[in-house]
Amino acid sequence: MKYGLVLEGGALRGLFTAGVIDVLMENGIDFDGAVGVSAGACFGCNYKSRQPGRAIRYNTRFCRDKRYCSVRSLLTTGDMFGADFCYHKIPEELDLFDFKTFTNDPMEFFAVCTDIETGKPVYHRCRDAGYSDLEWIRASASMPLAARIVCHEGRKLLDGGISDSIPLRFMEATGYEKNVVILTRPRSYTKSHSRTEKLIALRYKKYPALVKACINRPDVYNRQLKYVGEAEAAGRAFVIAPETALPISHIEHDQDVLLEVYRTGRTAGRNCLEDLRKFLGCTSEDPDPDGNNI
């Protein structure tokens with residue numbers, strides 16, 4: 001049986017996910033494969049490179065750096081989160097990503113993007129976290145209106161959450177029979193239409209399939225959330241989600257807020273370890289129940 005990990009996006013809400021997966025790594029929980037959407041891809045890739053603590057480390061270090069995330073970056077480069085700084089300078093120079101471990105680790109890792117010409121999801125398997133893979137991960141997290149269209153390998157790409165926010169069906173179709181799903185919204189959350197829909201329709205009028213996908217996103221998301229609940233009830237999924245709305249916005253420069261969301265994820269991860277081990281059929285004891293106590 002193959003066990004998978006499904007990581008929802010949500011911009012900096014993804015630090016909840018980072019907290020959860022750091023606890024899982026510290027406690028020896030392994031998966032055969034993982035799929036990440038947007039922030040789920042950006043932070044989740046650290047699972048395959050076996051680097052717990054890395055996501056919160058570079059986020060708190062650079063959260064006030066205008067090259068990392070700022071309106072100035074949006075105005076000067078077209079990307080709220082600086083493309084070169086976030087996806088190349090940080091992992092290659094400032095907070096080194098373990099490319100060798102990522103390449104050699106047997107876990108499959110997929111990033112979800114949206115093809116803006118079709119409005120459909122694209123699932124890319126990242127094999128070495130080289131330049132091409134990092135561009136796919138960047139595309140997965142490139143939010144409409146806040147990022148440039150990523151033209152890569154013959155496709156025009158944006159945020160994977162537009163077309164597949166919670167890719168549980170993808171993992172099941174790929175052969176992963178039991179999956180752990182980490183959400184960044186409470187289970188009770190219901191997505192509603194965004195006030196930015198008219199702006200999106202105007203900005204991307206050349207891409208009607210993308211506009212349609214953005215408008216349909218609330219209905220698609222709510223159906224996906226229902227499906228996750230049904231999979232959990234059937235014993236095919238194990239869901240980890242915050243109990244209440246996370247106190248963080250898409251853009252956050254306060255280190256204390258980032259740490260609070262991350263620690264909330266760590267607490268959720270620790271609290272579910274016993275039940276998670278049962279779901280995964282694990283029998284080993286916790287090697288490091290408290291982790292690094294961040």
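Ligands, DNA and RNA left out, the 1.4 Å accessible surface of segment 44-191 is 50% carbon and sulfur atoms.
Solvent-accessible surface of segment 54-153, taken per residue with a 1.4 Å probe and all protein chains present: 45 Å². Per-peptide packing, taken as the mean over residues of other Cβ atoms within 10 Å, places 238-248, 173-183 in the sequence 173-183, 238-248 from highest down. Both the radius of gyration and Dmax for the chain are 17.8, 55 Å, in that order, over alpha-carbon atoms. Taking all protein chains together and rolling a 1.4 Å probe, TYR68 ends up with roughly 20 Å² accessible. From largest to smallest, the equivalent ellipsoid semi-axes obtained for segment 143-246 from the alpha-carbon gyration tensor read 28, 17, 12 Å.
Taking each DSSP H run with n ≥ 4 as -39500 (n - 2.57) and averaging over every residue of the chain yields -12000 deg cm²/dmol at 222 nm.
The listed peptides 95-103, 190-198, ordered by packing as a protection proxy, come out as 95-103, 190-198 (highest mean of other Cβ atoms within 10 Å first). Taking a ≥ b ≥ c as the square roots of the eigenvalues of the alpha-carbon gyration tensor, segment 44-142 is classed oblate because a/c is 1.5 or more while a/b is no larger than b/c.
So what is the diffusion coefficient of segment 199-266 in µm² per second by Stokes-Einstein at 4 °C and 1.567 mPa s, using a Kirkwood Rh over Cα pairs? The diffusion coefficient I find is 85 µm²/s. Under 5 Å from the amide H of GLU108 lie the amide H atoms of GLY33, ALA34, each residue being 5 or more positions distant or on a separate chain, with H modelled from the backbone and absent for Pro and chain starts. Mind listing P(r) for segment 1-63? All alpha-carbon pairs, 5 Å bins, whole percents. The percentages, shortest bin first, are 4, 19, 32, 27, 12, 4, 1, 0, 0.
Using the Stokes-Einstein relation with a Kirkwood hydrodynamic radius computed over Cα pairs, the translational diffusion coefficient of segment 110-162 at 37 °C and a viscosity of 0.692 mPa s comes to 310 µm²/s. Converting phi to 3J(HN,Hα) with the Karplus coefficients 6.51, -1.76 and 1.60 and the offset θ = phi - 60°, segment 99-112 yields 4, 5, 5, 4, 5, 7, 5, x, 5, 6, 9, 10, 10, 9 Hz in sequence order, with x at every glycine or proline. Using a cut-off of 18 Å between Cα atoms, the listed pairs LYS156/LYS206; LYS156/LYS205; LYS100/LYS156; LYS2/LYS120 include LYS100/LYS156; LYS2/LYS120 as exceeding that distance.
The values are calculated or read from the model by the stated rules, or taken from the named source; none is laboratory data. What you are looking at is a predicted structure, and each value in this text was computed from that prediction instead of being measured. Don't worry about glycine lacking a Cβ; one is built from the backbone with ideal geometry, like all the others, and counts go over all protein chains shown. Just the protein is used for accessible areas: all its heavy atoms, side chains included, with ligands, DNA and RNA removed. Shrake-Rupley method; radii C 1.70, N 1.55, O 1.52, S 1.80 Å.
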